[in-house]
1. Need one number: nm distance between label points at Glu206 and Glu124, each 7 Å from Cα along Cα→Cβ, rounded to one decimal.
2. Just to be sure I follow the definition: excluding the sites themselves, where is the longest run in the chain that has none of the chymotrypsin sites (Phe, Trp or Tyr not before Pro) in a DSSP loop with at most 12 other Cβ atoms within 10 Å?
3. Cα-based count: Lys pairs in the stretch 80-217 below 13 Å, eight or more positions apart or different chains?
4. Quick check: from the Cα gyration tensor, does the stretch 127-178 come out rounded (a/c under 1.5), prolate or oblate?
5. Under 20 Å from a point placed 7 Å out from the Cα of Glu106 along the Cα-to-Cβ direction: which residues of the stretch 121-136 have their backbone N that close?
6. Calculate, for the stretch 6-69, the solvent-accessible area per residue in square angstrom, rolling a 1.4 angstrom probe over the heavy atoms of the protein chains.
7. Within the stretch 98-135, what residues put their amide N at less than 18 Å from the label point 7 Å along the Cα-to-Cβ vector of Leu23?
8. Hey, got the dipole for the chain? About the Cα centre, +1 on K and R Cβ, -1 on D and E Cβ, debye to the nearest 20?
Amino acid sequence: MAKKKRLRLIAEMARKVRAYRELKSRPRESQKYALDYETMKRPLTGKRLPVMAWQDARRESRLFSLLASMKMFGVGRLFTRKSWIEEHSEPCYWQITKVKVDYTAENMDHGKAWGILSLKGNKEDEVKEVDKVMYHDWRLIPKHLEQEFTEFKPLPAPAPRWVPYPPLLRAMLLAQLRRPGAVSEEPALPLQRTVKFNKDYFKMKEEERRNNEGTPV
């Protein structure tokens, strides 16, 4: 009969105490992402923001800087980012569904938020945590523009123009491409046939049409 493992209650309690002290000693987000706007350095780590981010850090706002000044911390409102507006012509935004504020922060401008992401007009189904809340490029979408963002319908995806070759034919083509001097690209079969017409093609078609129709009496 196997001997039962003896529980070391004191060691287990000491492990839990160490884990609790480590958890309590971790810096909060308000300390971790604090920023000195004069030197553009984070006091906790001493790291300086990239020079290209200085303008946004002075002019734009973090997500919780906007949420802290709103009723119900902005639950139900739409938020976008400056980088999304510049990169995509389709609407990209977060719809906030839940907010957990860090009340130990001085202005309650730190915490965690959850919502539904719509990227390039494609709205996701599940609620997930909003990322990059500490970035200085968040913007609130005004209420008179919310309908324009939510009712946007993305264009259907274009039909595929290329399909992979059958396995045996693909293996033969790859064997040829592995030869010295050959271009190593994945072979694909085009679905659309491209036809090139020479300059005499339309003249020949016109003559055929006249011969078939005959000359007027």
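1. Using points 7 Å along Cα→Cβ, the separation is 6.0 nm.
2. Result for the longest clean stretch: 104-196.
3. Taking the Cα cut-off of 13 Å, the pair count is 8.
4. It is prolate, given that a/c is not under 1.5 and a/b is the larger ratio.
5. Residues 134-136 qualify, since their backbone N sits under 20 Å from the label point.
6. With the other protein chains kept in place, the stretch 6-69 gives 85 Å² per residue.
7. Taking a point 7 Å out along Cα→Cβ of Leu23, the residues of the stretch 98-135 whose backbone N falls under 18 Å are 101-104, 112.
8. Charge dipole, the chain, about its Cα centre: 1820 debye, nearest 20.
The values are calculated or read from the model by the stated rules, or taken from the named source; none is laboratory data. Treat the numbers as computed from the prediction; the structure is a model and nothing was measured. A quick note on method: Cβ atoms are made from the backbone with ideal geometry, for glycine too, and the neighbour counts reach across all protein chains shown. In case anyone asks, the SASA skips ligands and DNA or RNA and just uses the protein heavy atoms, side chains included. Shrake-Rupley method; radii C 1.70, N 1.55, O 1.52, S 1.80 Å.
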